[in-house]
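These notes concern the structure reproduced below.
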Amino acid sequence: MITLKYDGTFEGLLCSVFYAFGRRQDEFHIQRNNQTQSSLFGQEIGISTETEKATRVLNGLKKTAGNNGISLLYRSFLSEQPKIEDNILHAVKSIYDKGARSIKDHTDPQILRLYQTVKMVNREKHRMEAFVRFRLTKDDVYFSSIEPDFDVLPLIKKHFHSRYADQRWLIYDMKRDYGIYYDLKNVETMQMNFGEDFDATKTSEHIFALEEIAFQDLWKEYFSSTNIASRKNSPLHIRHVPKRYWKYLSEKQPA
Amino acid sequence: MSFDRTKEKLKILADAAKYDVSCSSSGSNRKNKNKGLGDSTGMGICHTYTEDGRCVSLLKILLTNYCIFDCAYCVTRKSNDIKRAAFTVQEVVDLTINFYRRNYIEGLFLSSGIFKNADYTMERLVRVAKKLRTEENFNGYIHLKSIPGASDELMAEAGLWADRLSVNIEIPSKKGLKLLAPDKNFDDFIKPMKKVKNEIIQYKGERKLIKSTPTYAPAGQSTQMIVGATGESDFQVMKTADYFYKQFSMKRVYYSGYVSISTDSRLPQLGTAVPMLRENRLYQTDWLMRFYGFDVDELLNKNTPFLDLEVDPKLSWALRNPQYFPIDVNKASKTELARIPGVGLKSVHKILQARRFKKLTMEHLKSIGVALNRARYFMLTATRTYNDLELNPSTVRARILSNSTSKFRNQTTNQLSLFTS
């Protein structure tokens, strides 16, 4: 048994797949570099990321499995779930051995896991499209901090790009420490240095525009006035808006 | 704008608008134009949920809660002693834009009490929508209420700016309407619906010839009925819904369990529980009609005028019609699969894909996501033959009820007693 270690990028994963395909007689596991639970026995090999190899794998997949197939693999990868790479490798193998149709086989437990994972990733993507709360800064940038369960920034980029075309905005993943920024022309990936005393859950007057607090206040008023008290249903409310997201939701901030 | 004053108005006018249950923001196709603000091409988004668990997708407010009518079921009725307020056109525009920019909402749902007359009110609503589209280059979702009795000219213009138009019929029968809203005329509700339907057809036709024809209410029209305020049966309610779906090509009919707000003797008394379970069963029936290929008369008819509150309408239908079962999941057609209780449309899709690879067993169906506690009594699989099935409907019903705990269990016992007494 051989474990392939890659750098955590999708390209790196594709290179690991490439490596495994060249030596099909062996059984491989694929893991991120930063994952430490490698087995006591067996060998470890570090895989270097090479764009050219990754592109070859990607183009091959595109030809056989189409965009839907690639989306299934890519979105499962974004879940960052343990051992998901092994399922992805299995799926790629079945595409080559049995044809593209094989990734529609919901009776194959490894394929089924990919579909179930993608379902969770898509739900998180949709949640972020809903739960992003922009706050207007003094620099005229609409800023939002999020902590999604999965790495969904690459997936929500298009949605926000086509929606907020006339305002500058930044959506920042506090957990993975990177963000996407729109400068009225393009959306770029970027990293911020917030400084020690920055608290993303607070709307401080030094950073945010004067009217920002007032609009948050109006939003909170709306949120409570549109509720029908005699239909109160807290379990349902919490199922739709799980508590871990409250931190950055304007309507859930204490007065 | 003065934030304090706006806040007070928002409190009054959001509170008054909250009994309108529609919050849909999907089904439109308005793209972002010229680097403007907003886009409503995708699926709807619920940006948050109120503590009663309802989706918040749109800024749902009344332009004003002053009203010349006195409908018994309505919180803004003339005779009700409440605070009144009115937004200016500009205030609504500012709120919508600033909420939208912060990603709080998908757009605006604007309704209104009727002040002076129908046209005067409708004209204001149209003006808000027009201003958002033309001055703010806003491409988010706009849902306008059509005011009963508004002129055809105004309705013709409203659809050019709005994504969806709706008139709430509120009371499912003419008799009920006469009782609770004596100043309103049933035909006044129908008139704007007809106009909207005809405009949609006409614009679609012209669009085929001339591509630059503007769209008219691309997300269609909807309506709402209050349930439990007057004595209509579920059969009457769903028949009326079916009529609206068929006659006016409605996108949605909403059902709103009556929240008691009045001491009027014509209505359920204050403190009466909201019939949430009944409302839920009506929505399930609505879905079966629209997506599962059921005809309303199969689910509800003279012999069964009310839905079974203990079990869902599909299961209830299946128990009444054992001749259709069992269904073999490895052979049945799409429409047959969709009729098995506990099998939703997503499962149907997965079953169709998966059975090309293997004969499906109970384990496969379980991992696909079928609700086996209900489905197992109605289907054959590779490992389950005719002999394994319990076929007596009353036994099946008893088993399903004893093996499952409904979140509505407490309510069913209460509500059932209403019908048996």
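Yes/no matrix, rows are residues, columns are (1) part of a loop (DSSP other than H, G, I, E, B); (2) in contact with a His (Cβ under 7 Å, 6 or more places away or on another chain); (3) assigned by TED's automatic domain parsing to the domain that holds B:E123; (4) not aromatic (F, W, Y):
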| residue | (1), (2), (3), (4) |
| --- | --- |
| B:K9 | no, no, yes, yes |
| B:Y19 | yes, no, yes, no |
| B:N34 | yes, no, yes, yes |
| B:G44 | yes, no, yes, yes |
| B:I68 | yes, no, yes, yes |
| B:A72 | yes, no, yes, yes |
| B:T76 | yes, no, yes, yes |
| B:V92 | no, no, yes, yes |
| B:N98 | no, no, yes, yes |
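With respect to (1) at pLDDT below 90; (2) outside any helix (DSSP H, G or I); (3) more than 31 Å from the chain's Cα centre (by Cα), the lone exception for B:S402 is condition (2). Tallying residues that are over 29 Å from B:G44 (Cβ atoms) and either within 11 Å of chain A (Cβ to nearest Cβ) or among the polar types (S, T, N, Q) (or both) within the stretch B:76-120 yields 3. Of the residues making up the stretch A:155-183, those that are within 8 Å of chain B (Cβ to nearest Cβ) and under 17 Å from A:T137 (Cα atoms) are A:Y164, A:D166, A:Q167. Checking the stated criteria, B:L37 turns out not to satisfy the condition of being farther than 23 Å from A:R133 by Cα, surrounded by 17 or more Cβ atoms within 10 Å (Cβ to Cβ) and of a type in the set (A, V, I, L, M, F, W, C).
The single residue among A:I171, A:I156 that is in the same structural domain as A:H206 (by TED's automatic domain parsing) and within 20 Å of A:H240 (Cα to Cα) turns out to be A:I156. Has the stretch B:189-202 got at least one residue that is surrounded by 15 or more Cβ atoms within 10 Å (Cβ to Cβ), of a type in the set (A, V, I, L, M, F, W, C) and not in a helix (DSSP H, G or I)? For the stretch B:189-202, residues surrounded by 15 or more Cβ atoms within 10 Å (Cβ to Cβ), of a type in the set (A, V, I, L, M, F, W, C) and not in a helix (DSSP H, G or I): absent.
Is one or more of the residues making up the stretch B:282-295 surrounded by fewer than 20 Cβ atoms within 10 Å (Cβ to Cβ), closer than 27 Å to B:A118 by Cβ and touching a Ser or Thr at 6+ places or on another chain (Cβ under 9 Å)? Within the stretch B:282-295 (the criterion being surrounded by fewer than 20 Cβ atoms within 10 Å (Cβ to Cβ), closer than 27 Å to B:A118 by Cβ and touching a Ser or Thr at 6+ places or on another chain (Cβ under 9 Å)), the answer is no, since none of the residues qualifies.
Among the residues of the stretch B:341-361, which ones are in a helix (DSSP H, G or I) and within 12 Å of chain A (Cβ to nearest Cβ)?
Matches in the stretch B:341-361: B:K346, B:S347, B:H349, B:K350, B:I351, B:L352, B:Q353, B:A354.
If only residues of the stretch B:129-145 that are surrounded by fewer than 24 Cβ atoms within 10 Å (Cβ to Cβ) and in a helix (DSSP H, G or I) are counted, the one that is farthest from the other protein chains (Cβ to nearest Cβ) is B:K130. Among the residues of the stretch B:1-37, the ones that are among the polar types (S, T, N, Q) and within 9 Å of chain A (Cβ to nearest Cβ) come to 3 in all. Within the stretch A:71-80, does at least one residue satisfy the condition of being under 19 Å from A:D151 (Cα atoms), within 14 Å of chain B (Cβ to nearest Cβ) and surrounded by 18 or more Cβ atoms within 10 Å (Cβ to Cβ)? Yes, that holds for at least one residue. Scanning the stretch B:49-75 for residues that are in contact (Cβ under 8 Å) with a residue 12 or more places away in the chain and either of a type in the set (F, W, Y) or within 14 Å of B:K11 (Cα to Cα) (or both) gives B:L59, B:K60, B:I61, B:L62, B:L63, B:T64, B:N65, B:Y66, B:F69, B:Y73.
Applying a threshold of 6 Å to beta carbon distances and a minimum spacing of six or more residues, or different chains, the list of pairs starting in the stretch B:1-27 at a residue that is free of Cβ contacts under 8 Å to residues at least 12 places away in the same chain and ending at one that is among the aliphatic types (A, V, I, L, M) and assigned to a helix (DSSP H, G or I) reads B:F3/A:A214; B:K7/A:L218.
One residue alone among A:V132, A:V152 is of a type in the set (A, V, I, L, M, F, W, C), buried (at least 18 other Cβ atoms within 10 Å of the Cβ) and within 14 Å of chain B (Cβ to nearest Cβ), and that residue is A:V132.
So how many residues does the stretch B:56-75 have that are farther than 27 Å from A:D166 by Cα and at the interface with chain A (Cβ under 8 Å from one of its Cβ atoms)? The qualifying residues number 0.
Could you tell me whether the stretch B:23-31 includes any residue that is under 25 Å from A:K243 (Cα atoms), crowded, with 18+ Cβ neighbours inside 10 Å and of a type in the set (A, V, I, L, M, F, W, C)? There is at least one residue in the stretch B:23-31 that is under 25 Å from A:K243 (Cα atoms), crowded, with 18+ Cβ neighbours inside 10 Å and of a type in the set (A, V, I, L, M, F, W, C). Every listed requirement among (1) within 10 Å of another protein chain (Cβ to nearest Cβ); (2) surrounded by 21 or more Cβ atoms within 10 Å (Cβ to Cβ); (3) within 24 Å of the chain's Cα centre (by Cα) is met by B:E51 save one, (2). For the stretch A:81-165, the helices (runs of 4 or more DSSP H) that sit wholly inside it and include 3 or more residues that are within 16 Å of the chain's Cα centre (by Cα) are A:109-131, A:153-163.
Looking only at residues in the stretch A:234-255 that are within 8 Å of chain B (Cβ to nearest Cβ) and in contact with a strand residue (DSSP E or B) (Cβ under 8 Å, 6 or more places away or on another chain), the one that is surrounded by the most Cβ atoms within 10 Å (Cβ to Cβ) is A:V241.
If I filter the stretch A:185-198 for residues that are touching a strand residue (DSSP E or B) at 6+ places or on another chain (Cβ under 6 Å), surrounded by 15 or more Cβ atoms within 10 Å (Cβ to Cβ), in a loop (DSSP other than H, G, I, E, B) and of a type outside the set (D, E, K, R), do I get at least one hit? No: zero hits. Against the numbered list (1) more than 8 Å from every other protein chain (Cβ to nearest Cβ); (2) surrounded by 14 or more Cβ atoms within 10 Å (Cβ to Cβ); (3) in contact (Cβ under 8 Å) with a residue 12 or more places away in the chain, A:I213 comes up short only at (3). Inside the stretch A:118-154, residues that are of a type in the set (D, E), under 25 Å from A:S76 (Cα atoms) and touching a strand residue (DSSP E or B) at 6+ places or on another chain (Cβ under 9 Å) make up a count of 2. Within the stretch B:46-66, the set of residues being of a type outside the set (S, T, N, Q) and in a loop (DSSP other than H, G, I, E, B) comprises B:C46, B:H47, B:E51, B:D52, B:G53, B:R54, B:L63, B:Y66. Entry remark, the stretch A:108-126: residues being within 11 Å of another protein chain (Cβ to nearest Cβ) and either on the phi > 0 side of the Ramachandran plot or crowded, with 22+ Cβ neighbours inside 10 Å (or both) number 0 in total.
Within the stretch A:11-36, residues that are over 21 Å from A:E52 (Cα atoms) sit with their Cβ atoms under 6 Å from residues that are assigned to a helix (DSSP H, G or I), at 6+ positions apart or across chains, in these pairs: A:F28/A:A20; A:H29/A:D86. Looking across the stretch B:184-224, the residues that are within 21 Å of B:S25 (Cα to Cα) and among the polar types (S, T, N, Q) come down to B:T215, B:Q221, B:S222, B:T223, B:Q224.
The values are calculated or read from the model by the stated rules, or taken from the named source; none is laboratory data. All values derive from a computational prediction rather than experimental measurement. Heads up, the Cβs are rebuilt from the backbone with ideal geometry, glycines too, and the neighbour counts pull from every protein chain shown.
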